[in-house]
1. So which residues in the range 122-154 are aliphatic (A, V, I, L, M) and crowded, with 21+ Cβ neighbours inside 10 Å?
2. Return the only residue of A161, A198 being surrounded by fewer than 23 Cβ atoms within 10 Å (Cβ to Cβ), touching a residue at least 40 places away in the same chain (Cβ under 8 Å) and not in a helix (DSSP H, G or I).
3. Going by what's in this entry, would L89 be described as in a helix (DSSP H, G or I), out of contact with any helix residue (DSSP H, G or I) (no Cβ under 9 Å at 6 or more places or on another chain) and either modelled with pLDDT of 90 or more or not assigned by TED's automatic domain parsing to the domain that holds N269 (or both)?
4. Of all the residues that make up the range 182-211, how many are within 13 Å of the chain's Cα centre (by Cα) and β-branched (V, I, T)?
5. What number of residues in the range 108-121 are assigned to a helix (DSSP H, G or I) and surrounded by fewer than 24 Cβ atoms within 10 Å (Cβ to Cβ)?
6. Being of a type in the set (D, E), surrounded by fewer than 18 Cβ atoms within 10 Å (Cβ to Cβ) and part of a helix (DSSP H, G or I): is that true of E263 here?
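The values are calculated or read from the model by the stated rules, or taken from the named source; none is laboratory data. Given the structure is predicted, the values throughout are model-derived calculations rather than measurements. Cβ placement follows ideal geometry from the backbone for every residue including glycine, while neighbour counts extend to all protein chains displayed.
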Amino acid sequence: MRPPVHRTVGAHAPDAADGARLPGGRDRPRLCRTAGGDGAAAGAGQAAHQGRPGPFRRARPAGDARAAARRARSGLRLCGHRLARRYRLARREAQYLAVTLAGLLDREAEAWGLAALTTLALARRREGDFVPLDEQDPAGWDAELIAVGEAYLRRARPRGAPGRFQLEAAIQAVHCDRRRTGVTDWPALGTLYAALLAVAPSLGARVAAAVVRGRLDGPLSGLEALPDGAETFQPYWAARAQLLTWAGEDAAEAFHRAADLTEDPAVANYLRSRARWADAPLGGVAS
């Protein structure tokens, strides 16, 4: 039996006017403003990914703040990496555990960032054939879950520079805001990815940032921004294929490589169909 999805923020959730306004409001999210500028976010949040995964424990009330923080960070890593990223079908469980953990830790901003991240990602989940994010109809997204995820993100307001999960959640919030505005705020995504790369320059973040660069500065700039040495990384080939398509170049091989490295059957079927279209003669029809 799958755990229920958390759809409430709790009795102590801040009002929408408390702290930074999210994309659903009129103001630019404070995370976007904090992330820009002189790179003050560099190094912030790295501690949230140190240490090996361990059991979730309630923090002791006094005298053991550092040990409690280490346990919290281990819990964040367990939820974020082992559930939300590796197992696509475990998003509901990841969201449930992330929100439960955030409620236990309460004042750990990165815990609320993870709760926001998993909730906003779950809000866009759909069944059936794979459809890329840019091609999804946002009217089909869960508006209630989006509102809850944005409330979690407001609660994740950092005292200093935002950490990794807070930035990743802010990126999800910008995507989800397309349900309200009908457009994607690519400059905001560029700002957030720049901050994320300063905090946690993972391979996945660098690939995603290259795609955003392609949107902002053209596909050739995006191709140049793709990281080297990522030939065994599936998102690299998916991103390369899309950027090549935008540039009007042959993307068939990249789509094939991306499909071969994909474990999700629905995603693999989509990529192979794109590869067939790319392989088709000019003016022909792919079979």
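1. Within the range 122-154, the first condition is being aliphatic (A, V, I, L, M), and the residues that meet it are 122-123, 131, 133, 139, 143, 145-148, 151, 153.
Within the range 122-154, L122, A123, L145, I146, V148, A151, L153 qualify.
2. Details: A198 fails: not in a helix (DSSP H, G or I).
That would be A161, the only listed residue that is surrounded by fewer than 23 Cβ atoms within 10 Å (Cβ to Cβ), touching a residue at least 40 places away in the same chain (Cβ under 8 Å) and not in a helix (DSSP H, G or I).
3. On the way: in a helix (DSSP H, G or I): yes; out of contact with any helix residue (DSSP H, G or I) (no Cβ under 9 Å at 6 or more places or on another chain): yes; either modelled with pLDDT of 90 or more or not assigned by TED's automatic domain parsing to the domain that holds N269 (or both): yes.
For L89, the condition - in a helix (DSSP H, G or I), out of contact with any helix residue (DSSP H, G or I) (no Cβ under 9 Å at 6 or more places or on another chain) and either modelled with pLDDT of 90 or more or not assigned by TED's automatic domain parsing to the domain that holds N269 (or both) - is met.
4. Total satisfying the criteria: 1.
5. Here is the first cut: in the range 108-121, the ones assigned to a helix (DSSP H, G or I) are 109-121.
When the remaining residues are screened for being surrounded by fewer than 24 Cβ atoms within 10 Å (Cβ to Cβ), the result is 109, 121.
So the answer is 2.
6. Numbers: of a type in the set (D, E): yes; surrounded by fewer than 18 Cβ atoms within 10 Å (Cβ to Cβ): yes; part of a helix (DSSP H, G or I): no.
Criteria not met by E263.
This table checks each residue for (1) at pLDDT 95 or above; (2) touching a Ser or Thr at 6+ places or on another chain (Cβ under 9 Å); (3) of a type in the set (S, T, Y); (4) not in a loop (DSSP other than H, G, I, E, B).
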{"site": "L216", "(1), (2), (3), (4)": "yes, no, no, yes"}
{"site": "S221", "(1), (2), (3), (4)": "yes, no, yes, yes"}
{"site": "G229", "(1), (2), (3), (4)": "no, no, no, no"}
{"site": "Y236", "(1), (2), (3), (4)": "yes, no, yes, yes"}
{"site": "R240", "(1), (2), (3), (4)": "yes, no, no, yes"}
{"site": "L244", "(1), (2), (3), (4)": "yes, no, no, yes"}
{"site": "H256", "(1), (2), (3), (4)": "yes, no, no, yes"}
